[in-house]
Amino acid sequence: MTPLQVAAAADLKPAFEALGRTFTSRSGVPVAFTFGSTGLLATQLKEGAPFDLFAAASVEAAKDASSTGTCEVTTLHTYARGTLVVLGVSSMQALADPKVKVIALAQPDHAPYGRAAKQALERAGLWDVVSGRVVYAQNVGQAQQYFATHNAEAAFVSRSLVSGADAGVMTEVPGALHDPIEQAMVVCTRGAHRIEAQRFADLVRSSEGQAVLAAAGFLPVATK
């Protein structure tokens, strides 16, 4: 059987890979994930990518995909709320220190976590101070890599990508500093496994799936 093709926001990698193994063990259907920024995945969908399920890091992206006919609007559901953290500093204000020479964040134009990071810096009154030291990554996974490889002294990423063992110095960004990162998924129309896609979506939204997401650092917004 050909794999179930799931396009998923980069912040979902640890949680979705775990859920993918569970899904395959029960259904016999392998799952192939394409992780990336929500905006770039949406572009791939518009250009004809045969994804079966689109798990976006924003509700708007899932709605947009539905409005173009590439996904089925009746299958759209929120499944999690993301948590934004900044690695490498003990407070947001510490980013103003010139010793923090490079600050990585996902490109705000197409990555919801990057957009939230820029909002947080602006609302904290820090953007004008640090904007000259910001480098943009394609997605939060790449922003984390910049930090892990010492190409950035600080990085804004999803809490879901940071395990307890390697968190190091980390600050959770107050939710009041950015718009909620509401995440939604929707079944796509060009895929070969629409029934299986819905079943995987059901697993994500089930109490079992929500527990996996919660353990990864997401806040629940839907249960079934």
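Projecting label points 7 angstrom from Cα along Cα→Cβ for residue 109 and residue 72 puts them 3.4 nm apart.
What FRET efficiency, computed as 1/(1 + (r/R0)^6) with R0 = 35 Å and r the Cβ-Cβ distance, is obtained for residue 198 and residue 172, rounded to the nearest 0.05? For residue 198 and residue 172, the calculated efficiency is 0.55.
Quick one: compute the contact order of the chain, relative version, from alpha carbon pairs under 8 angstrom and 6+ residues apart, as a percent. In percent, rounded to a whole number, it is 31. Restricting attention to the chain, the count of lysine pairs at 8 or more positions apart or across chains with alpha carbons under 27 Å apart stands at 10. Taking 7 Å steps out from each Cα toward its Cβ at residue 46 and residue 17 produces label points 3.0 nm apart. Potential lengthening of the chain between residue 96 and residue 151 amounts to 18.0 nm, from the contour at 0.36 nm per residue minus the alpha-carbon distance.
Scanning the chain for long hydrophobic helices, with DSSP H runs required to stretch 18 angstrom or more by C-alpha along their axis and to average at least -1.0 on the Kyte-Doolittle scale, returns 13-27.
Treating r as the C-beta distance of residue 215 and residue 1 and R0 as 41 Å, the FRET efficiency rounds to 0.90. Under the rule a/c < 1.5 gives rounded, and otherwise a/b versus b/c splits prolate from oblate, where does the stretch 82-177 land using the Cα gyration tensor? Here the stretch 82-177 falls in the rounded category.
Here the sum of -39500 (n - 2.57) over DSSP H runs of 4 or more residues, divided by the residues of the chain, equals -10500 deg cm²/dmol at 222 nm, to the nearest 500. Kindly state, to the nearest 0.05, the FRET efficiency for residue 131 paired with residue 25, given R0 = 45 Å and r defined as their beta-carbon distance. Computed FRET efficiency for residue 131 and residue 25 comes out at 0.45.
Taken together, the values in this text are just the output of simple stated rules run on the coordinates, not laboratory data. Values in this document were obtained by computation on a predicted structure and should not be read as measured data. Cβ: placed from backbone, ideal geometry, glycine included. Neighbour counts: every protein chain shown.
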